[in-house]
Amino acid sequence: MKTLKYITLFAAISTSLLLVQCKDDDDNVITQETCTDGIMNGEETEVDCGGPDCAPCGQVIDFSGTYRQEDQMGRPGINTVFGTTGFKDAFNVTVPTAMQAAFQTKFQDKLLALNADYTTNALGQDAATFTTVLSNDVLWLGKTGITTYFNGTEILTGRALSDDVIDVSLLLVFGGPDGSENPGLTSDGVPTNDVAFSSSFPYLAGPF
Amino acid sequence: MKKSKFFAIIGGIGVAALSVFLISADHIDAPAVTGTTADITDFYAFQGENNGNFVFVANVQGLLAPGQPTTQAIFDETVLIEINIDNDNDLKEDLVIQAIKRGDSMYFIGPTGPATPGSDPLESTIATSAKRSVKISTKDDVQIAEKDGMKFFAGPREDPFFFDFNQYNAVLAGTASSFNNPGVDTFAGTNVLSIVVEVPKSMIPGGVVGVNPFAPNTPIYNVWVEAKRKI
């Protein structure tokens, strides 16, 4: 009796581990006739697959292997704006703990190349402070409250679909301490998406 | 005067680099990933309709025209999309949400501790914790899965990014000196492949105050997305 319970438990665990539906056969306690026993038995058509109880053959799901980073993104547009030929690829395969040391100076050079008159931005950040924040390319996400890149009040507490991240970036790069410098460059005049977003999951609009 | 100032500003960067900037938030951001199935176009993180939930959106394979380019675009089974969450502000992920295609479905793993096979932080394995899945949607067959308080979607969506790319080109070409108001959204009418996951905040412990100087009392997570290819 105890053995039977043990076998049943083992079968249940094995089955759930492999995400394959396989009915445990309570009438047969002699063989561990499951979809995970490595033997073609029961009504399986090949080892551990086919038949009425196991997943179809050829559909065993394999999640093995090692995956190596090729691209990354935290805040919008960081690599595209501040990356420079020669280190864009390197930036994409650098983990956040190593980003500031590797890229802050390069970002600052790029910022001053974009806007030679840069002093501070509307957040009061000088070039070093601004590019230090940006070079750590992670998106801040507030645990509580409104989550937005910038909504006129809240600043950098997330990124919602409707946030005009381009204008925020242009304003901080070109707008100067009060946002009034380079007025033709601080907004692209496209404040919203062409299609409305949904207030419900999955939030993004259906494709064209 | 204004025009010359503008050109002084943009003169600091090459036309090629600027035109990439013009195109996107992160679409085709660097030579090695441009046009590949691992090219992340955008990443969003926000509070859900239920304010007890977070929503994470990872978009890949941008600039898909309607019709065949969209219907034939598929997620790559060799590319792992990994949403990283640092909950103690050391810039190292404490939790990950992994997403990878198998068959007709997108499988989601986590939130769970990161699965790193060795000492190289660029490499991951797929975590062995519970896997949840959703059938990958098409334009006309929208599939949403709900499990354990989480929601899952994967499939083509309208690209939520918006920007006046053509006017920027006009400025570059010297036929305009500034943006227009209103501008024209050059991304209107293009699609991406989206992965959307909604997670109860209770599954994501931690968060640290004092990180964001503009919201010093709000506990903050550092979040980012990575695309990793099987080696």
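Structural remarks
- Percent of C-alpha pairs per 10 Å bin, segment B:140-231, short to long: 12, 22, 25, 29, 11, 1
- The modelled label-to-label distance for the pair B:GLU77/B:SER202, using points 7 Å beyond Cα in the direction of Cβ, is 3.7 nm.
- Residues of segment B:196-231 with an amide N closer than 15 Å to a point placed 7 Å from the Cα of A:THR132 along the Cα-to-Cβ direction: B:211-214.
- Annotation: aspartates and glutamates with alpha-carbon distance below 18 angstrom to B:LYS92 (same-chain offsets under eight excluded): A:GLU70, A:ASP71, A:ASP137, B:GLU82, B:ASP120, B:GLU123, B:GLU226.
- Normalised contact order of segment A:78-185, rounded percent, pairs of Cα under 8 Å and 6 or more residues apart: 24 percent
- For segment A:78-185, a/c is not less than 1.5, where a ≥ b ≥ c are the root eigenvalues of the C-alpha gyration tensor, and a/b does not top b/c. That puts it in the oblate class.
- With neighbour counts taken as other beta-carbon atoms within 10 Å, the residues A:ASP53, B:ASP86 rank, fewest first, as A:ASP53, B:ASP86.
- R0 of 41 Å, Cβ-Cβ distance B:ASP120-A:ALA113: FRET efficiency to nearest 0.05: 0.80
- Under 12 Å from the Cα of B:LYS139 - aspartates and glutamates, other chains or at least 8 residues apart: B:GLU158
FYI, it's all coordinate maths here, none of it is from the lab. As the structure is a prediction and not an experimental result, all values here were calculated from the model. Here the Cβ is made from the backbone with ideal geometry for all residues, glycine too, and neighbour counts use every protein chain on show.
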